[in-house]
Structure formats: structure tokens, C-alpha cells
Amino acid sequence: SAHTFSRMHNGGKYSFEVGPSIFEGLDRPSLNPLRMIFDILEETMPVKTYKGLGYWTPSGYWRFPIGSREGFEKLLMEQCGEDGPKAIAEWKALRERLRTLGGSTQAVALLNLRQDAGFLATTAGSLPFVLQNPDVFADLSLTFDDLSKTVDEFVTVPFLRNFIDTMCIFCGFPAKGAMTAHLLYILERFFEETAAFSVPIGGTCELGNTLQRGLEKYGGKLQLNAHVDEILIENGRAVGVRLKNGNVVKARKAVVSNATPFDTVKLMPKKEDEPKKLTNWRDQIGKLPRHGA
């Protein structure tokens, strides 16, 4: 998300953003789920690409070189002094520990993941990777575990630990509190030669404008100021929503929630005759860690 503000200067309007997310892979067809949706909708969004990200820190200015393993190792040597070689060794050890899980982010697109039996069909393309890396199953639980556990195991150099924290902060947490999954994509993609930061021309708001064009092109409708008060359940199925203004919107096929599981369950008030599976899900979801969901 980003906070946008504008200023007038010499008759011209200038827009600024504070806190925008970092986008990678929007400049070309890629495994970035957002780019995949743009391609499915047959919509384009012009972007400007950059091969680095500048940091102002108490120790001075430095630049993270995206798309260059050698450039990052050079940065570690410059910033870590005598601990430079140690930092490089620890970084390589961390990447090696997460290598199989990181490879899985390339083998199957996030857009293909789902929570029902249909995942067998949508993830079938990853079978060759799984056959070559059967140990991926042993690491699956690590994907949703606290990243700091793995970082603490391999990384001791302060600069490298702080760098990892900054790359996790975009999910709202440092390494302690973030899911390991948040770093997997960075470990794989950000160090490939074709990687680059993508900045939407016109600002982050263009992401929403592009999605809206695709939505309306296929007959969809975007309704603002339509706060959902409750998801309506009938015979064990979500059949629509009740808005806070009292209006009811009935679903033709299904209700899709883009809220977190923790917020979605709050929109489904507990009822005596509700399905047992819903009751169990509500009870279990309250016990799960909220790693930046």
C-alpha cells in the first residue's frame, strides 16, 4: 500500500508516495501473480524499471544492487568490514538452507495455489521439480514458520541481519514475525540478471486502475463505499453479503473474500445451526499465528 500526496509548484502538479510496495516482474511476463492477472485480463500497465534500491542509514548511504549476486557480495564486503567474508558465507548458507523451498516458487506459480482438492490439477506442472527434490515436503511447514528461526540459525553479522529485516518489513514485520515465504521470492528472483524493480508510471494507483479496466471489460462492476457487514450463509454455503447500509447482494456462483482469514471469519457470525466445519474453522483460525497475513 502507499500514501499519496500532491503539491503544486510553478503551476505544475507533483505527486509523491510514502510506503509503496516494491514490485518486481511487472515489466514482462513473469511469475509475479499481479503480472499474471494483468496478462489474463489482457491489460498493460507501463512501468519504469530500476536496477537498485537506495538506503539512507545511520552508517551512510548504500544501494542494494538487484539482479547481481556479485554486486550484493561486493556490498557485503564494503559494509561489513572485516566481517565481509563471514557475511558472504552466512548469506550463502541461508540461501542453501532455503534453496529447495525457494526453487518451489519457480516451479509453481502462486496463482495456482488453492486449498481444496483442485490443487492437484493446478499444481501438476510442478511434478518434475518435486520428483527431483522430494525433500521439499519436509520443508513445507517451514514456509509458514517464523523466518527469524532460520535467520538466527545461520546469520550473525549485524548488517546482513538488518538487511533481511528491511526486506521483510514490506509485509509489516521484521524477520521476527514474518513468514519464511516472504523471503523465498527475494532469494530466488532478486538475484537473477533479468530482475528489476518496477515502478508504475503515474503512481501505485495505476495498479488499481489497470485492474478496474480489466474487470469492467469482462462485465464486472466496482462498487465503492460498500462495506460488508456480514457474509450470508444458507445450507452450508456462502450465498451473498449484507452491506452496512442494509442492502443485500446475492451471489450468482460464489462469494470471494480478499480479506485475511482472520477478518473474513468475523463477517460470519456464529449461529446455532451452522455447519460443524465452519465452527471448527472459526475455532482453529483464532489459534494461528498472524504472520503479516
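Brief remarks follow.
- Shape box of the stretch 1-65 [Cα atoms, principal axes, largest first, Å]: 40, 37, 18
- Seen from V199, the other residues with C-beta closer than 13 Å to its C-beta sum to a net charge of -2, counting Lys and Arg as +1 and Asp and Glu as -1.
- Pairs of alpha carbons in the stretch 148-189 separated by more than 13 Å make up 48% of all such pairs.
- The alpha carbons of the stretch 231-273 stretch over 24, 23, 22 Å along the principal axes, in descending order.
- Between Q212 and K271, the simple spin-label model (points 7 angstrom out along Cα→Cβ) gives 3.4 nm.
- Here the accessible area of the stretch 182-267 is 51 percent carbon and sulfur, with a 1.4 angstrom probe and all protein chains present.
- Take each peptide in 180-192, 215-227, count the other Cβ atoms within 10 Å of every residue, and average; sorted highest first, the result is 180-192, 215-227.
- Shape call, the stretch 12-102: gyration tensor on alpha carbons, a/c limit 1.5: oblate
- Taking each residue as 0.36 nm, the span from I40 to I22 lengthens on full extension beyond its C-alpha to C-alpha distance by 4.3 nm.
- Rule-of-thumb Rg ratio for the stretch 180-255 [Cα; 2.2 N^0.38 Å; N residues]: 1.67
- Sparse packing (at most 11 other Cβ atoms within 10 Å of the Cβ) combined with a DSSP loop state is found for the following GluC sites (Glu not before Pro) in the stretch 230-278: E272.
- Counting all C-alpha pairs of the stretch 161-293, share separated by more than 25 Å (%): 51
- Packing rank of 194-203, 260-269, where each peptide gets the mean count of other beta carbons within 10 Å, highest leading: 194-203, 260-269
- Summing +1 for each Lys or Arg and -1 for each Asp or Glu among the other residues whose beta-carbon sits under 14 angstrom from that of Y185 gives +1.
The values are calculated or read from the model by the stated rules, or taken from the named source; none is laboratory data. Keep in mind that this is a model prediction, so the values were computed, not measured. Ideal geometry is used to build each Cβ from the backbone, glycine not excepted, and the neighbour counts take in all protein chains shown. Please note that ligands, DNA and RNA were not included when accessible areas were found on the heavy atoms of the full protein model with its side chains. Shrake-Rupley method; radii C 1.70, N 1.55, O 1.52, S 1.80 Å.
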